[in-house]
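Down below is the structure, laid out as structure tokens.
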Amino acid sequence: MDGAPRPLVGIAGTGLMGRGIAQVAAQAGFETLLYDTRAGTAAAAREAIVAQLQRLAEKGKVTAAAALEAGARLKPVASLAGFAGCGVVIEAIVEDLEAKCELFRALERVVGPDCLLATNTSSLSVTAIAAACARPERVGGFHFFSPVPLMKIVEVIEGVRSDPSVAERLTAIARAFGHVPVRAKDTPGFLVNHAGRAYGTEALRILSEGIADFPAIDDVLREAAGFRMGPFELLDLTGLDVSQPVMESIYHQFHEEPRFRPSPLLLQRKLGGLLGRKSGRGFYAYEDGVKQVPPAPPPPAPRAAKVWVAAKTAPRAALEALVARLGGQVDAAERPAADSICLLAPWDSDATAAALAEGVDPRRSVAIDAQFGLASRRTLMTTPITDPAVRDAAHGLFAADGIPVCVIHDSPGFIAPRVVAQVVNVACDIAQQRIATPEDIDRAVTLGLGYRQGPLAMGDALGPARVLSLLEGLLAFYGDPRYRPSPWLTRRARLGVPLSTPEG
């Protein structure tokens, strides 16, 4: 905090999150008071944190002296009255609005007039919690992620009635804790959970349409698009008893915004007890915590295949070179021979539309994802009437160098481009609504969700105009407003400027 006196910190609630916040506060040099309504819990929390600090010292992560000093800064208090001298109190109790409101009303009766009151809520309205207070202007959101010492991000949330100084002071405290603050206005899901909605919901939409099975969707998004985990692996890790209610809650909090529409597939699995790792079975089965994936059948044996690459396909030369390298025969004629595979690479349409646009036989047509699917995992897409022999010949050819191939049913945007476009679109809407700056959106998502790039950076890498054309193609095909392009995306794509370009 740039040499300024460090305020006395109070932590109300000493469960997992409260302990994590208390640990980083104490390690950062803040005197930290611990309170919990359950007798003995605050003292037990202090002991657990001290033990964790000692383990860090044993591993050489901190010095023994630093561990002892941090432990000495942790002090349990017997009642809320012990917070009287605090400069900031961070609430980390159960996610229940009335319980939090009751706590904040009680805190106002004991803390001084300049004390900040911060809530670590992940899903409730900061504005609603503040409304319970006589002075709502001193209340802000301070949302950490678990495990707090490792997840170096904290969302600083401004409620409707928060004084601007609250966010400034919380931002300074977050930096002093060694965390990266990202600022956002109070909105369902705040920033990280809001920005991450499209990843799971669009994958579920693809699954529900029968375009691909969930292992294939996970494989493509992890291996081709570069996400750390596939969406169904992530749902299993989080647990459907957590994920499904959150999806429903955010959907309803946004008044049934189509972009966040959940899938009935999740509710059915939750009702069936298929919760994920914690129940031993979710989308995947688990044995001793290890995901069980049935081995994929081997690809068809490579055989002589003649391939004509569509003239309207953007990377035509690269695809012809790939076909030749894999042992295929390139049909370089203006129109395909009767026995040639017609290879298409549509961006904003499906294989059926691409075949009809090229005027080629849909029975001999196969599409390939040329944006995400050439180097590490390839995705082929068939029309509803593609000849199985043509499909298998294409599969065998594109798997000839050992790179795995997924063959999916017809879909505008394949798998990876479709999901990424939705992720980008939601982030653009967050920027359009001035919930957060473009810089904070990308920073929050990379740190909070582990994406290799922020969503606006993803859109810039693909090209805003291409993302826009795909969303327009999806909207035209489905007629579903979930695919309507954000104004932020539309204007920047038309202007030819990056999605990270802020308003003037």
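Quick notes on this one:
- Which numbered condition A167 misses (of (1) closer than 30 Å to P5 by Cα; (2) in contact with a helix residue (DSSP H, G or I) (Cβ under 7 Å, 6 or more places away or on another chain)): (2)
- Residues of the stretch 264-288 satisfying the condition of being open to solvent by less than 100 Å² (accessible area, probe 1.4 Å) and basic (K, R): R269, K270, R277
- Scanning the stretch 69-83 for residues that are surrounded by fewer than 15 Cβ atoms within 10 Å (Cβ to Cβ) and more than 18 Å from G18 (Cβ to Cβ) yields A72, A81.
- The combined condition, being of a type in the set (A, V, I, L, M), in a helix (DSSP H, G or I), modelled with pLDDT of 95 or more and over 22 Å from E155 (Cα atoms), is not fulfilled by I211.
- When A78, A25 are screened for being outside any loop (DSSP other than H, G, I, E, B) and either without any contact (Cβ under 8 Å) to a residue 60 or more places away in the chain or under 21 Å from N120 (Cα atoms) (or both), only A25 passes.
- Of all residues in the stretch 134-149, those satisfying the criterion of being open to solvent by less than 60 Å² (accessible area, probe 1.4 Å) and outside any strand (DSSP E or B) are P136, R138, F145, V148, P149.
- Remark: pairs (first residue in the stretch 388-404, surrounded by 17 or more Cβ atoms within 10 Å (Cβ to Cβ); second residue of a type in the set (D, E, K, R) and in a helix (DSSP H, G or I); Cβ separation under 7 Å; 6+ apart in sequence or on different chains) = V390/R364.
- In the condition set (1) assigned to a helix (DSSP H, G or I); (2) charged (D, E, K, R); (3) within 24 Å of A84 (Cβ to Cβ), R175 is compliant with all but (3).
- Residue list for the stretch 2-51, restricted to those being at positive phi and open to solvent by 50 Å² or more (accessible area, probe 1.4 Å): D2, G3, G40
- Matching entry among V110, V148 (being in contact (Cβ under 8 Å) with a residue 24 or more places away in the chain, β-branched (V, I, T) and touching a Lys or Arg at 6+ places or on another chain (Cβ under 9 Å)): V148
- Of all the numbered requirements in (1) charged (D, E, K, R); (2) closer than 24 Å to L204 by Cα; (3) open to solvent by 50 Å² or more (accessible area, probe 1.4 Å); (4) in a helix (DSSP H, G or I), R452 misses one, and that requirement is (4).
- Helices (runs of 4 or more DSSP H) enclosed by the stretch 234-351 - at least 1 residues per element that are touching a residue at least 60 places away in the same chain (Cβ under 8 Å), closer than 30 Å to T187 by Cβ and not β-branched (V, I, T): 240-253, 264-271
- For the stretch 457-499, residues that are under 23 Å from L447 (Cβ atoms), open to solvent by 60 Å² or more (accessible area, probe 1.4 Å) and either touching a residue at least 60 places away in the same chain (Cβ under 8 Å) or part of a helix (DSSP H, G or I) (or both) total 1.
- Every residue from the stretch 308-337 that is under 38 Å from the mean Cα position of the chain (by Cα), under 20 Å from A355 (Cα atoms) and open to solvent by less than 50 Å² (accessible area, probe 1.4 Å): V309, A310, T313, P315, L319, E320, V323
Condition check ((1) surrounded by fewer than 24 Cβ atoms within 10 Å (Cβ to Cβ); (2) part of a helix (DSSP H, G or I); (3) modelled with pLDDT of 95 or more) across all residues:
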site	(1), (2), (3)
M151	yes, no, yes
V160	yes, no, yes
S165	yes, yes, yes
A203	no, yes, yes
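- Candidate set: the stretch 205-230, residues that are without any contact (Cβ under 8 Å) to a residue 40 or more places away in the chain and crowded, with 22+ Cβ neighbours inside 10 Å; chosen: the one farthest from I403 (Cα to Cα): G230
- Looking across the stretch 352-387 at every residue that is part of a helix (DSSP H, G or I) and among the small types (G, A, S), the one that is most open to solvent (accessible area, probe 1.4 Å) is identified as A357.
The values are calculated or read from the model by the stated rules, or taken from the named source; none is laboratory data. Fair warning: this is a prediction, and the values are worked out from it, not measured in the lab. No Cβ is skipped: glycine too gets one built from the backbone with ideal geometry, and neighbour counts run over all protein chains shown. For the accessible areas, the whole protein counts, side chains as well, though only heavy atoms, and no ligand, DNA or RNA atoms are used. Shrake-Rupley method; radii C 1.70, N 1.55, O 1.52, S 1.80 Å.
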